Amino acid sequence: MDTTELLNALNWRYATKVFDPTKKIPADIWAALEESLVLTPSSFGLQPWKFIIVQDQELREQLVAHAWRQRQVADCSHLVVMAVKKSYNLDDLDAFITRMVEVRGGTPEALAGFRKMVAGTQAQGYMTTEWAKMQAYIALGQFMMNCALLGIDTCPMEGFVPAKFDELLGLEAQGLTTAVLCPAGYRHADDRYAVLPKVRFKTSDVVEHR
């Protein structure tokens with residue numbers, strides 16, 4: 001991919017208002033997009049999230065009522081609900097260290113310094129729900145970019161009632177809460193927003209070199 005292709009993909013992308021419910025993302029493309037979610041970077045690499053992929057149509061119709069009646073939730077191909085831990089504790093940290101040893105080898109004892117550092121940060125109260133939500137937005141940005149590069153439409157959504165989503169998706173029992181939504185699929189031919197020029201400030205207004 002060259003720079004022109006990159007910028008073309010970003011200019012093509014927009015917050016899709018109307019999805020075509022008859023068009024589904026092929027399984028191989030979706031598998032790559034799921035893996036791109038897994039590969040998202042996060043603070044300390046801790047990944048305080050779970051990505052709920054909702055494809056059950058009846059459930060998605062129920063969710064529409066709690067997403068300000070926005071049809072993207074039901075009409076997209078795949079609905080990604082980005083949920084995060086409501087609190088991050090030492091059991092979560094130890095589970096991550098166990099995974100580090102599994103992937104990279106070594107021993108938990110060799111990672112004692114890392115554990116002490118992260119545990120100290122946790123003890124200071126930094127790893128809150130808001131911290132976890134900020135991590136989810138990193139995943140959101142990476143997912144939207146990867147979708148654009150593959151010609152898949154998305155619509156980041158904050159317009160929903162988290163408590164209702166948590167209830168319908170059974171997240172409370174998992175210690176999770178909904179952070180942000182990202183329907184993905186293919187734009188409908190009737191979505192007039194698809195052809196509108198992007199409105200962005202000039203580069204000189206938002207980029208400063210020192």
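The values are calculated or read from the model by the stated rules, or taken from the named source; none is laboratory data. Predicted, not measured: the structure shown is a model, and the values here were computed from it. Don't worry about glycine lacking a Cβ; one is built from the backbone with ideal geometry, like all the others, and counts go over all protein chains shown.
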Note to self: Of all residues being touching a residue at least 40 places away in the same chain (Cβ under 8 Å) and β-branched (V, I, T) in the range 164-208, which is surrounded by the most Cβ atoms within 10 Å (Cβ to Cβ)? Just the residue, please.
What the structure shows: T178
Checklist line | Search result, residues across the range 151-163 that are within 16 Å of K23 (Cα to Cα) and loosely packed, with under 15 Cβ neighbours inside 10 Å | finding: G151
Margin query: Among the residues in the range 143-155, are any part of a helix (DSSP H, G or I), farther than 19 Å from H78 by Cβ and among the hydrophobic types (A, V, I, L, M, F, W, C)?
Written below: no
Margin query: Return the residues of the range 32-66 that are in a helix (DSSP H, G or I) and under 16 Å from Q142 (Cβ atoms); say none if nothing qualifies.
Written below: A32, L33, E34, E35, S36, L37, V38, S43, G45
Check: Give me the pairs: first residue in the range 106-119 and under 14 Å from D92 (Cα atoms), second residue among the small types (G, A, S), beta-carbon distance under 9 Å, and six or more apart or on different chains, which are they?
Finding: none
Notebook entry, point to check: Which residues, taken from the range 156-190, are in contact with a strand residue (DSSP E or B) (Cβ under 8 Å, 6 or more places away or on another chain) and part of a loop (DSSP other than H, G, I, E, B)?
Noted result: P156, E158, F160, L171, G175, Y186, H188
Notebook entry, point to check: In the range 84-104, is there at least one residue being farther than 28 Å from T121 by Cα, in contact (Cβ under 8 Å) with a residue 12 or more places away in the chain, in contact with a helix residue (DSSP H, G or I) (Cβ under 8 Å, 6 or more places away or on another chain) and among the basic types (K, R)?
Noted result: no
Check: Does K116 satisfy the condition of being surrounded by 13 or more Cβ atoms within 10 Å (Cβ to Cβ) and either within 22 Å of the chain's Cα centre (by Cα) or farther than 28 Å from C76 by Cα (or both)?
Finding: no
Notebook entry, point to check: Taking the stated definitions as given, is L79 at pLDDT 95 or above, under 15 Å from the mean Cα position of the chain (by Cα), buried (at least 18 other Cβ atoms within 10 Å of the Cβ) and not hydroxyl-bearing (S, T, Y)?
Noted result: yes
Next item on the list: Give the residues of the range 120-134 that are small (G, A, S) and loosely packed, with under 13 Cβ neighbours inside 10 Å, sorted by residue number.
Entry: G120, A123, G125
Margin query: Just checking, does the range 89-97 include any residue being in contact with a Cys (Cβ under 9 Å, 6 or more places away or on another chain) and modelled with pLDDT of 95 or more?
Written below: no
Next item on the list: Would you check which residues across the range 82-113 are under 21 Å from the mean Cα position of the chain (by Cα) and part of a loop (DSSP other than H, G, I, E, B) and list them?
Entry: K86, S87, Y88
Margin query: Just the residues that are hydrophobic (A, V, I, L, M, F, W, C) and either over 10 Å from the mean Cα position of the chain (by Cα) or exposed (fewer than 12 other Cβ atoms within 10 Å of the Cβ) (or both), please, taken from the range 36-64.
Written below: V38, L39, F44, L46, I53, V54, L59, L63, V64
